[in-house]
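Here the structure comes first, spelled out in structure tokens, and everything after it is commentary.
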Amino acid sequence: MTEPVGKLIEELKNLGGKVEEVRGREIYLVASRDSLRSLAKALYSAGAYLKTCAGVDERPIQGVLSVYYIFGLDELGVDVILRVPVTEEDARVPTIVPEVPAADWCELEARDMIGVEITGRPVRRLVLPEDWPEGVYPLRKDFDYSTRPLRGFRSELPEEVGVPLGPYHPALHEPEYFELYVDGEKVVDVVYRGFHVHRGIEKLAESPRFTYKQVPFLAERICGICGFVHSSCYVMAVEKAAGIEVPERAEFIRSIVLEVERLHSHLLWLGVAAHLLGYDAGFMHAWRIREHTMVLAEYLTGSRKTYGINIIGGVRKDLNVDKLDKTLKTLATVREEFVKLAEVMLSVPQIRSRASGTGVLSRFEARALSVVGPVARASGLYRDVRKDYPYFAYREVSFKVPLYTEGDNLARLLVRVEEVLESIEIIKQLIDKLPGGPIAVESWDIPPYRRAVAAIEAPRGEDVHFIITGVGKPYRWRVRAPTYQNIPALRAMLRGAPLADAPLTIASIDPCFSCTDRVVVYDLKTGSRRTLRISGGVPPCPL
Amino acid sequence: MSLVKILEIALKTGRVTRRYPAEEPLVTPEFRGSIEVDPSKCWGCGACVKVCPPNALTLTPSGKSLVLEYFVGRCIFCGMCAEVCPAKAITVTKKFELASANLRDLRSRVVHEVLRCSVCGTPIAAEAEVRAVVKASPVSEEYAVLCPRCRKERFAKSIGLRVGAPGGGPS
């Protein structure tokens, strides 16, 4: 450990933290309820971001319920993980939201899922539906996967019933719901209600029918756009926990495919952004260029999406001369066409005027909410997992991290435009340096109750998987998709802004939405209510 | 004005959408589609069932037989089954036009005869699997047709006979 890390650890020890384990670049500390807040504060002032927190039922192993707080020190590339164990009878932990605002959601999620009460803050259900019975916690180990609790119906209905058809269209996958409170045309507040379609994927992976080998395919289905990020992040977490050395060639192949995925994702988003701004010609051409990357992905992996090539210890599909050649040709075409299109798109006056100065997220707010990916980089935060915690083959390549300070929709657009070009250069370098050798280890062994944190820079930002290994399958697998971290920032972006900018601003974080999303608009003066339709062709995604 | 350049791009590009189904669909040589199980090669061992992430493959006893069923409606086309199949009975095809008005068309089955223990009659495994095991390894056929419990007993007895223990060892 380097000197600044050692100094920080000393400080944390003095505040009551007890070092439990140091594994690679992960430091595990046990904290008591009383020391949690001062430890969180010290970490936050030392520049750490909160990656996420996770409730774990550790009663079968150590007789306690634990809440893990995963902090990342980007500048040092070190993760500090605080574990607060509490007994089942006295399952309470204090909130750390006053010190670390980004903990808002994950605290509530831990409360819902394993039943640890969070004290010192207003609480509400975040993930569980309103009619879920009290005192039933789905991620506790004594809650069997196949249990379907009897859910009560509300006995009394309000006299006046609004029937919003939607936002939950029965055929669409991923509804998100924003209540925008407006005064005239100005948005005064935003309430987000999500998790309508929580799929219980973390619990499913613990169910008897899943094994270590099957989970990568499940992980890949968390997101319809950046699925490979999730399967990569899962296998990386397991490999880190078990100490499996992945062959270099496999790491290169994973990195190449991850960048191909970023290309298609950013091109998709640019198309959607153009469409939202009423510039459908731009949308059509962005998606036409994107199609080259989709065909390339299929040629490299066997599938346009959900590539299915990640296995623990390596990859399933090798690259050959033909494939590398085709990749370079496709990249040349995409680059040439994309540069032309980007130039045209950015010269459309309506795009510039509607995107600049709208949906502003200040650097201060971005830091407080620990936002990730292009949203962070457009607000002046130099954050990129590929640089901060280099994984796979990213140590071997040089690239630029686009940085803007305006924090508006245009900045987020420009970050993505530049990232497309950077990704193309990264793939070229990786192909140039591609080493030979095997693409997977022959066998592996995963000892139980080892922990690891893995993070990968997804097109939308940092994706985090936390794992505790079990027997034959993960004991606990916690997934934090990038959108989880970025949605809370929308409140800051939308407040005080004109209503007309809301659709673009919501889309500007590149959330994983259903094809059609709706926003209910309350007019504070008249009390009336109307729904606003955002049609943006963004396929489904995260948790 | 540079924004008019979009017209130039559009004219140069022309039509890119294929006239599918009149035109051949665009599928690369690496594409993974649905799988096919060759009944003449399949052993009915269930290795594919264990690895299948979405439970598209199932192995269930039905009367006197053991049925391997492939339900393409659940298949995610990962091809892991083909990778683990010890009999090389599974091939990954390039088929993807699989829609049908009849649910039965989405299921295909391989029916295996079940071998029963020659002593107690407990079902052991698919006959084809036992045959393959006998062929591949120097297991005496006499033992291969026994269930694990009877096999253990007979083995213990034979050891007992060899060392001359009274009663032929524990049983």
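Determine if region A:433-447 includes at least one residue that is hydroxyl-bearing (S, T, Y) and within 21 Å of the chain's Cα centre (by Cα). No, the conditions are met nowhere in region A:433-447. Within region B:27-50, the set of residues being within 11 Å of another protein chain (Cβ to nearest Cβ) and either surrounded by 13 or more Cβ atoms within 10 Å (Cβ to Cβ) or among the charged types (D, E, K, R) (or both) comprises B:V27, B:T28, B:E30, B:F31, B:R32, B:G33, B:V49, B:K50. The set of residues from region B:55-90 being within 11 Å of another protein chain (Cβ to nearest Cβ), within 21 Å of A:G227 (Cβ to Cβ) and surrounded by fewer than 17 Cβ atoms within 10 Å (Cβ to Cβ) comprises B:N55, B:E83.
Each residue in region A:324-372 was checked for being closer than 14 Å to B:K5 by Cβ, at pLDDT 95 or above and among the β-branched types (V, I, T), and 1 pass.
With the condition being closer than 30 Å to A:K326 by Cα, I'd like the strands (runs of 3 or more DSSP E) fully within region A:418-496 carrying at least 1 qualifying residues. Walk me through it before giving the result.
On the way: elements: A:451-458, A:461-469, A:474-480.
The strands (runs of 3 or more DSSP E) meeting that bar are A:451-458, A:461-469.
Evaluating B:I159 against the criteria (1) surrounded by 12 or more Cβ atoms within 10 Å (Cβ to Cβ); (2) without any contact (Cβ under 8 Å) to a residue 12 or more places away in the chain; (3) under 21 Å from B:G44 (Cα atoms) leaves one unmet condition, (3).
In region A:300-309, the count of residues that are among the small types (G, A, S), more than 14 Å from chain B (Cβ to nearest Cβ) and either surrounded by 23 or more Cβ atoms within 10 Å (Cβ to Cβ) or in a helix (DSSP H, G or I) (or both) is zero. Candidates are the residues of region A:212-237 that are away from every other protein chain (no Cβ under 14 Å) and modelled with pLDDT under 95; the one that is surrounded by the most Cβ atoms within 10 Å (Cβ to Cβ) is A:C223. For region A:66-77, a tally of residues being touching a residue at least 60 places away in the same chain (Cβ under 8 Å) and crowded, with 23+ Cβ neighbours inside 10 Å returns 3.
Checked against (1) at pLDDT below 95; (2) more than 11 Å from every other protein chain (Cβ to nearest Cβ), A:I312 passes all but a single condition, namely (1). Is it true that B:T93 is among the β-branched types (V, I, T), surrounded by fewer than 16 Cβ atoms within 10 Å (Cβ to Cβ) and more than 14 Å from every other protein chain (Cβ to nearest Cβ)? No, not satisfied. Listed conditions (1) more than 12 Å from the chain's Cα centre (by Cα); (2) within 11 Å of another protein chain (Cβ to nearest Cβ); (3) in a helix (DSSP H, G or I) are all met by B:L11, apart from (2). Across region A:353-366, the qualifying residues are those that are out of contact with any helix residue (DSSP H, G or I) (no Cβ under 7 Å at 6 or more places or on another chain) and without any contact (Cβ under 8 Å) to a residue 60 or more places away in the chain, and the one among them that is farthest from A:K51 (Cα to Cα) is A:S353.
In region A:340-366, which residue that is polar (S, T, N, Q) and within 26 Å of A:R290 (Cβ to Cβ) is surrounded by the most Cβ atoms within 10 Å (Cβ to Cβ)? Only one residue tops the list, namely A:T358. All told, A:L126 meets the bar of being assigned to a loop (DSSP other than H, G, I, E, B), of a type outside the set (G, A, S), in contact (Cβ under 8 Å) with a residue 60 or more places away in the chain and under 19 Å from A:Q485 (Cα atoms). Selection within region B:14-26: residues that are more than 10 Å from chain A (Cβ to nearest Cβ) and exposed (fewer than 11 other Cβ atoms within 10 Å of the Cβ). The member of this set that is farthest from the chain's Cα centre (by Cα) is B:G14. If you go through region A:286-296 one residue at a time, do you hit one that is in contact with a helix residue (DSSP H, G or I) (Cβ under 6 Å, 6 or more places away or on another chain), within 9 Å of chain B (Cβ to nearest Cβ) and of a type in the set (S, T, Y)? For region A:286-296, residues in contact with a helix residue (DSSP H, G or I) (Cβ under 6 Å, 6 or more places away or on another chain), within 9 Å of chain B (Cβ to nearest Cβ) and of a type in the set (S, T, Y): absent. Here A:I253 does not fit the description of being under 22 Å from A:V215 (Cβ atoms), surrounded by fewer than 23 Cβ atoms within 10 Å (Cβ to Cβ) and touching a residue at least 12 places away in the same chain (Cβ under 8 Å).
The values are calculated or read from the model by the stated rules, or taken from the named source; none is laboratory data. Remember, predicted model here, so these are calculated numbers, not experimental data. Using ideal geometry, Cβ is built from the backbone for each residue, glycine included, and neighbour counts are taken over all protein chains shown.
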